Structures are given as C-alpha cells and as structure tokens.
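In what follows, a structure is listed as structure tokens, so that the remarks can point back to it.
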Amino acid sequence: MAEDIIGIDLGTTNSAVGVVESGFPILLADAEGNRITPSVVSYSSDGKITVGRAAQRSRLSGMPVVSSVKRYMGSRYSEVAEDDFCVPLVDAGSGQAGLRVGGNVVSPEEVSAEILKHLKAVAENQLDRVVSKAVITVPAYYNDAQRNATKVAGELAGLEVVRIISEPTAAALAYGLDKLDESAKVAVYDYGGGTFDVSILEMKEGLFHVLATAGDTRLGGDDLDEIVARWCSAQVDGLEYDSLSEQERQRLLDEARVVKEKLTDVDSVRFQIPFFRESVNVDVELSLAAFDKLVQHEISKTARYCKQVLLDSGVTDLDKVVLVGGSTRVPAVRSLVAEVFGLEPDVSQHPDEAVALGAVIQAGMLSGALRELVLLDVTPLSLGIETLGGLMNVIIPRNTTIPCKAGEMFTNAVANQKSMMVRVMQGEREMARDNWELGKVDVEFSPAAKGQARVGVQFSIDENGILEVLTRDVETGKDTILEINSAAVDVADDAVEKMVSESVDYAFDDMAERVFTEAKLKAEELLPAVTAGLEQVADDMDAEDLTEIQEAKSSVELALAGDNANQLKSAVQRLDKATEHMAAILVEKAMEAALMRKLEG
Ligand code: ADP
Ligand code: MG
C-alpha cells in the first residue's frame with residue numbers, strides 16, 4: 001500500500017485534517033467527534049501546551065492563549081509591531097516577529113507546528129498508523145516567506161510537507177470543479193473567521209490557475225460576533241460594551257457567536273447569559289431579520305472585492321461560484337454572493353470543510369490513493385497496435401471515456417502468411433517503437449493470397465480498466481483473447497505528461513517519418529507490380545508513356561534511397577499516375593483472357 005499523505009487546512013480560526021480511505025476523501029474527527037479544530041494554542045505556566053477546544057476553554061483561566069497566529073506567519077517584527085494581538089508581539093531576533101507566552105518567546109511557525117502536531121495525532125489515532133507526509137493549504141495571496149514558514153511549521157511538527165496548495169484551488173477540487181471543461185472559470189468566495197478573500201480561477205490543461213485574488217485579512221466572522229455582542233449590550237441596562245472587562249467581553253462574544261451560528265437554521269434565537277453580573281442577566285431575543293439588518297453593512301464590504309477580482313481578471317462569463325468559510329453559512333451572505341456574481345452559488349459542500357477536503361484530494365492524488373478514481377474515467381494515452389512498417393495504428397484515442405470498445409480490420413501483407421503478430425501499444429507517438437508495448441499475441445489464420453486474409457482486432461476496456469484485445473480470423477471465426485491489466489488506464493501522471501509533451505516536441509519528425517513509411521509501403525507494392533506489368537504489356541504502349549513510367553520509377557527508387565518524405569510521396573504519386581494507362585491495358589488484357597477461357601471452356 002502506498003504511504004498515507006494527509007491533507008490539512010491550517011486555518012486562521014479553524015483547522016481540519018483528512019486522508020483518502022478506500023478511495024474516498026474523508027475528514028478525520030478527534031476523540032470528541034469534532035472534524036474541525038479551533039486554531040488555538042494555550043501555554044500553561046508548567047510548560048504544558050494545549051490545542052483546540054481545550055485551549056479555547058483555558059482562556060478563562062488567564063493563561064496565555066494564542067489564536068489567529070496564521071496572520072503572523074513569515075512576518076517581520078517591524079511590520080506588525082503596532083498590532084493589538086492576544087499575546088505581546090516581540091522581535092524574536094534577526095527581525096522576525098515572535099510571540100511572548102509566559103516567560104518564553106515562540107515563533108509563529110512554532111505555534112502553528114503545535115496545531116499541526118495535534119492534527120497529525122488526530123489522524124494517527126483514527127488511522128491507527130503513523131503518518132509523516134502532508135499537503136497543507138495556504139491563502140492564494142501568501143508570499144514566499146509565508147509559504148516557507150508554513151513548510152517549516154510542518155517540519156517542526158514532524159511532517160514532510162509534500163506540497164503547499166492554495167486554498168481556493170483546494171476548494172475548487174473539493175467542489176469537483178476539476179471535472180469542468182477546459183477553460184472553465186470559477187469564483188471562490190471565502191469568508192472565514194478573521195479573513196475574507198475571493199479568487200477567480202481558470203481551468204487550464206487540467207490545472208487551476210489563479211487569475212485574480214483580493215480580500216481583507218481583517219474582515220471575517222469575528223466582526224459579525226462583535227456586532228451582535230455590541231447590539232446585545234445595548235439592549236441590556238448597565239452593560240456599556242466599551243466598559244466591559246476583558247473577560248466579560250469574551251463571554252459576550254462567545255455567546256454572540258453561538259447565537260449567530262444558530263441563526264443559520266432558525267428564524268429567531270434567545271441571547272441568554274444568566275448571572276452575567278451579580279445583578280444582571282442577559283436575555284434578549286434576536287430574529288434573523290434583525291440580524292440581517294445589523295450585519296448588512298459589514299457583509300456588503302465583501303462585494304467590493306468581488307467586483308475587483310472580476311475587473312482584474314477580465315472575466316465576464318463565470319461558470320460557477322463556490323462558497324468557502326464558515327461565515328458563508330449566513331443566509332444574507334449567500335444572497336449577496338448571488339447578487340454580485342449574478343449566479344446562484346454552489347452550496348453542495350460544507351463551506352468550512354471544503355478547503356481541507358480539497359487538500360485531502362490533492363494528497364490522495366499524490367500518494368496514489370486516488371489515482372484510480374481520478375484517471376479511471378478516461379484513457380490517459382492512446383491505445384493501438386503496431387502495423388506494417390512499424391507505424392502506430394490508434395484504436396482507442398487518448399481521453400476516451402471508459403468503458404469503451406473499438407475495432408478495426410487488418411489484412412496479411414505477405415502471401416501465404418500464417419500468422420500475424422499483434423503488438424498492443426500505448427502512447428502518442430507516430431512510430432510504434434516510441435510508444436510502450438503493453439502486450440502481444442501471435443494470431444494464426446488460414447494462409448491466403450496477399451491482402452486476402454482478414455483479421456479483426458477489437459479493443460474493449462471495462463469499468464475496472466481491464467483492456468481486452470480480441471482478434472478474430474474472419475474466415476474461420478477463431479478468436480484469440482489477450483487480457484491486459486489496468487496498465488491501459490493506470491499510468492503515472494508524470495509519465496503521461498512526458499509522453500504527451502514528447503509527442504508535441506517530435507510532432508514534425510514523427511509526421512515526416514509516418515508519411516515516408518506510408519509512401520515506402522506503397523512504393524514497395526507498386527514497383528514489382530509495375531515491373532511485372534511492363535513485361536506483359538510494354539509492346540502495346542506508346543513510347544512516351546513508357547519513358548514517363550521509367551522516369552517515374554527511377555525517381556521512386558531514388559527517393560526510397562533517401563529520407564525525404566515529401567519527395568518519396570510525390571514520386572509515388574507520379575508513378576501511380578504514369579501507370580494509369582498501363583493498368584487499364586492490363587485490365588483489358590485480363591478480361592480478354594477470361595473471355596477466351598470461357599469461349600474455349
Ligand atoms: P477560517 O477563517 O479558519 O478559514 P472557518 O472557515 O472555519 O475559518 O470560519 C470560521 C467562521 O465561520 C467563524 O467566524 C464562525 O463563527 C463562522 N461560522 C461557522 N458556522 C457558522 C454558521 N452556521 N453561521 C454563521 N457563521 C458561522
Ligand atoms: Mg479557511
């Protein structure tokens with residue numbers, strides 16, 4: 001079995017991990033059954049490090065808790081010194097930003113590594129085996145330093161980061177957009193906890209290209225929480241939001257988030273915190289309609305970026321819009337998206353799991369766990385047999401959807417030939433020798449005059465990718481069956497790529513060789529026939545015709561000795577034309593002879 005590669009969405013607010021199991025991409029849940037882990041790390045004074053929900057809870061106990069560390073990946077201290085963050089920001093040496101937790105300074109990479117270690121452990125617990133490789137997603141706008149920092153975080157967590165992919169690309173994979181047509185254009189609208197971004201992707205040669213991306217790293221669901229919390233405090237006498245203690249504010253924000261999230265499913269929610277203060281109970285009702293009004297302005301800030309990416313990419317014919325990020329569960333967000341893009345968004349995936357799922361799919365493609373699933377639906381390379389002169393004769397072209405069936409009729413090249421070697425070839429080159437042989441079979445048939453025996457060759461590929469080559473001697477009806485395992489459809493991506501690019505590189509040479517070979521076969525058939533014909537009917541022909549035939553014949557012989565395909569082709573055409581009259585006389589003679597025999601007989 002191929003080694004597991006896990007896929008990880010290392011998010012600002014939430015993270016998730018998954019793997020391809022039995023051909024299906026799945027996200028893995030922790031011991032409590034959660035597939036989503038808050039990207040939160042807490043540091044106790046005795047050096048214990050906690051990640052996720054448990055870390056979130058320890059916020060109330062006053063120990064240093066780091067959240068949204070993703071904002072600081074690969075950052076210089078000078079760029080972020082002024083920021084108001086959950087723990088103090090410091091210069092970690094050589095100008096890199098560091099975080100002070102208790103008496104220590106940790107780097108953003110180290111904090112992210114704790115989250116990754118946790119996710120690795122979640123995966124290992126579920127799978128009951130060690131994993132050491134991962135695909136990790138990063139925002140499309142991440143620069144080299146940020147991507148590198150993410151890689152370093154993975155290594156610190158004991159993971160070999162086999163690929164970093166951008167979040168919108170991952171989301172597109174999760175939504176199955178790689179199945180869209182070439183040059184399809186999609187918008188990925190990602191509204192998360194603390195960040196917003198929108199990207200336009202174009203599908204090209206089976207890969208997504210980010211045409212434009214825009215967003216705001218300070219715009220997210222957290223802002224909606226604050227709007228709800230402020231509204232709530234305004235409803236309750238004596239709760240001035242700006243005069244709340246740090247802890248009171250946190251409690252209100254936590255509850256605001258719960259209320260906000262519930263409003264996705266119900267029309268109205270009670271915002272309740274009993275004994276918020278000794279004499280104050282919070283108990284107010286928030287309807288979805290009222291919530292929509294409250295957040296309308298905030299949500300509409302995302303519209304500007306959508307218009308910007310449309311403008312930047314110059315795309316006017318979007319094929320699809322997909323939603324990513326937990327905040328896109330808000331119904332008002334969905335309406336806004338539909339309005340700015342003029343297209344109903346695809347909501348077929350969990351928006352907060354799509355990026356992780358895409359990372360898993362990418363990981364599965366790299367490990368081979370998904371290869372069959374991905375490539376089984378089409379033939380990655382052309383399939384055919386070698387024919388006379390070493391030419392590749394394609395029977396099932398590349399990219400044919402399977403299951404499929406196709407066949408052709410072949411004949412003997414030599415009189416009294418008893419068998420024919422059928423070599424099954426795969427590849428895009430014109431000459432069989434440049435392609436790969438998948439198998440061969442010697443097909444026997446009844447000896448016959450040249451071109452008289454008929455052998456049918458049929459290729460069929462079933463849904464499992466098994467290629468069956470059936471050859472039939474048409475005269476006797478005798479079948480020979482050659483079975484070739486999944487090699488016909490199961491080809492490594494890089495091998496396919498190499499084969500296709502070589503076929504392009506050598507296209508001119510290959511074509512010339514095919515033209516030369518075809519003309520040569522024709523010449524080899526024509527020359528002896530012309531010699532034999534001349535012996536029979538030279539006396540009945542004009543001197544002029546004879547000269548032309550002789551000249552054409554020598555030019556074919558001359559061209560055969562050389563290697564110029566076009567020269568040979570035109571020489572053969574000339575000879576063909578020059579012998580038209582002779583052929584007619586030959587036919588006449590043959591008919592006369594037949595008539596004589598009939599009269600005599
Ligand atoms: P990240 O920013 O890490 O990519 P997510 O995509 O997981 O984060 O988004 C987290 C945000 O989604 C949080 O602000 C959370 O409150 C919000 N969210 C999750 N579920 C809902 C919901 N049902 N309704 C509204 N917001 C939601
Ligand atoms: Mg995200």
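The values are calculated or read from the model by the stated rules, or taken from the named source; none is laboratory data. Predicted model, so just to flag it, every value in this text is computed and none were measured. Virtual Cβ from ideal backbone geometry, glycine too; neighbours counted across all protein chains shown. Ligands, DNA and RNA are stripped out before the accessible areas are found, and what is left, the full protein with its side chains, is counted by its heavy atoms. Shrake-Rupley method; radii C 1.70, N 1.55, O 1.52, S 1.80 Å.
Taken over the range 66-82, the residue count meeting the criterion of being open to solvent by 20 Å² or more (accessible area, probe 1.4 Å) and either over 24 Å from residue 37 (Cβ atoms) or touching a Pro at 6+ places or on another chain (Cβ under 6 Å) (or both) is 6. Give the range 293-313 a look and list any residue that's open to solvent by 30 Å² or more (accessible area, probe 1.4 Å) and under 30 Å from residue 269 (Cα atoms), or say none. Of everything in the range 293-313, those that are open to solvent by 30 Å² or more (accessible area, probe 1.4 Å) and under 30 Å from residue 269 (Cα atoms) turn out to be 293, 294, 296, 297, 300, 301. Can you spot a residue in the range 155-164 that is outside the structural domain of residue 322 (by TED's automatic domain parsing), part of a helix (DSSP H, G or I) and either at pLDDT 90 or above or under 24 Å from residue 299 (Cβ atoms) (or both)? Yes. Residues in the range 193-206 that are touching a strand residue (DSSP E or B) at 6+ places or on another chain (Cβ under 8 Å) and within 12 Å of ligand 1 (Cβ to nearest atom): 4 in all.
Put simply, of 370, 357, 381 the only residue that is among the hydrophobic types (A, V, I, L, M, F, W, C), within 16 Å of ligand 1 (Cβ to nearest atom), open to solvent by less than 50 Å² (accessible area, probe 1.4 Å) and more than 30 Å from residue 452 (Cβ to Cβ) is 357. When 223, 242, 237 are checked against the criterion of being within 16 Å of ligand 2 (Cβ to nearest atom) and not aliphatic (A, V, I, L, M), 223 stands alone in meeting it. Mind counting the residues in the range 484-522 that are touching a residue at least 24 places away in the same chain (Cβ under 8 Å) and closer than 30 Å to residue 559 by Cβ? The number of residues fulfilling the criteria is 16.
Looking only at the range 331-354, residues that are closer than 20 Å to residue 9 by Cβ and either of a type outside the set (A, V, I, L, M, F, W, C) or within 12 Å of ligand 1 (Cβ to nearest atom) (or both) come to 10 in all. Does residue 139 satisfy the criteria of being over 27 Å from residue 56 (Cα atoms) and within 16 Å of ligand 1 (Cβ to nearest atom)? In short, no. Can you tell me which residue is nearest to residue 326 (Cα to Cα) among those in the range 255-275 that are part of a helix (DSSP H, G or I) and in contact (Cβ under 8 Å) with a residue 12 or more places away in the chain? Ranking the candidates gives 261 first. Of all the criteria given as (1) within 16 Å of ligand 2 (Cβ to nearest atom); (2) small (Gly, Ala, Ser); (3) without any contact (Cβ under 8 Å) to a residue 12 or more places away in the chain, the one not satisfied by residue 11 is (3).
The single condition among (1) more than 30 Å from residue 311 (Cβ to Cβ); (2) within 16 Å of ligand 1 (Cβ to nearest atom) that residue 239 does not satisfy is (2).
Test residue 125 against the stated conditions and say whether it is touching a residue at least 40 places away in the same chain (Cβ under 8 Å) and within 30 Å of residue 19 (Cβ to Cβ). Criteria met by residue 125.
Residues checked against (1) open to solvent by 80 Å² or more (accessible area, probe 1.4 Å); (2) assigned to a helix (DSSP H, G or I); (3) among the hydrophobic types (A, V, I, L, M, F, W, C):
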{"site": "440", "(1), (2), (3)": "yes, no, no"}
{"site": "443", "(1), (2), (3)": "no, no, yes"}
{"site": "448", "(1), (2), (3)": "no, no, yes"}
{"site": "459", "(1), (2), (3)": "no, no, yes"}
{"site": "491", "(1), (2), (3)": "no, no, yes"}
{"site": "500", "(1), (2), (3)": "no, yes, yes"}
{"site": "504", "(1), (2), (3)": "yes, yes, yes"}
{"site": "510", "(1), (2), (3)": "no, yes, no"}
{"site": "514", "(1), (2), (3)": "no, yes, no"}
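Within the range 276-292, can you find the residues that are part of a helix (DSSP H, G or I), touching a helix residue (DSSP H, G or I) at 6+ places or on another chain (Cβ under 9 Å) and either open to solvent by 20 Å² or more (accessible area, probe 1.4 Å) or basic (Lys, Arg) (or both)? Result: 288, 290, 292. The set of residues from the range 130-163 being within 16 Å of ligand 2 (Cβ to nearest atom), out of contact with any helix residue (DSSP H, G or I) (no Cβ under 8 Å at 6 or more places or on another chain) and hydroxyl-bearing (Ser, Thr, Tyr) comprises just one member, 141.
Across the range 468-489, the number of residues qualifying as surrounded by fewer than 16 Cβ atoms within 10 Å (Cβ to Cβ) and part of a strand (DSSP E or B) comes to 5.
Among all residues of the range 171-192, there is none that is of a type in the set (Phe, Trp, Tyr), away from ligand 1 (no atom under 16 Å from the Cβ), in a strand (DSSP E or B) and touching a residue at least 24 places away in the same chain (Cβ under 8 Å).
Evaluating residue 199 against the criteria (1) under 20 Å from the mean Cα position of the chain (by Cα); (2) open to solvent by 20 Å² or more (accessible area, probe 1.4 Å); (3) within 16 Å of ligand 2 (Cβ to nearest atom) leaves one unmet condition, (2).
Residue pairs whose Cβ atoms lie under 7 Å apart, sitting 6 or more positions apart in sequence or on different chains, and linking a residue in the range 217-234 that is within 22 Å of residue 189 (Cα to Cα) to a partner that is aromatic (Phe, Trp, Tyr) and buried (at least 20 other Cβ atoms within 10 Å of the Cβ), are 219/196; 220/191; 220/196.
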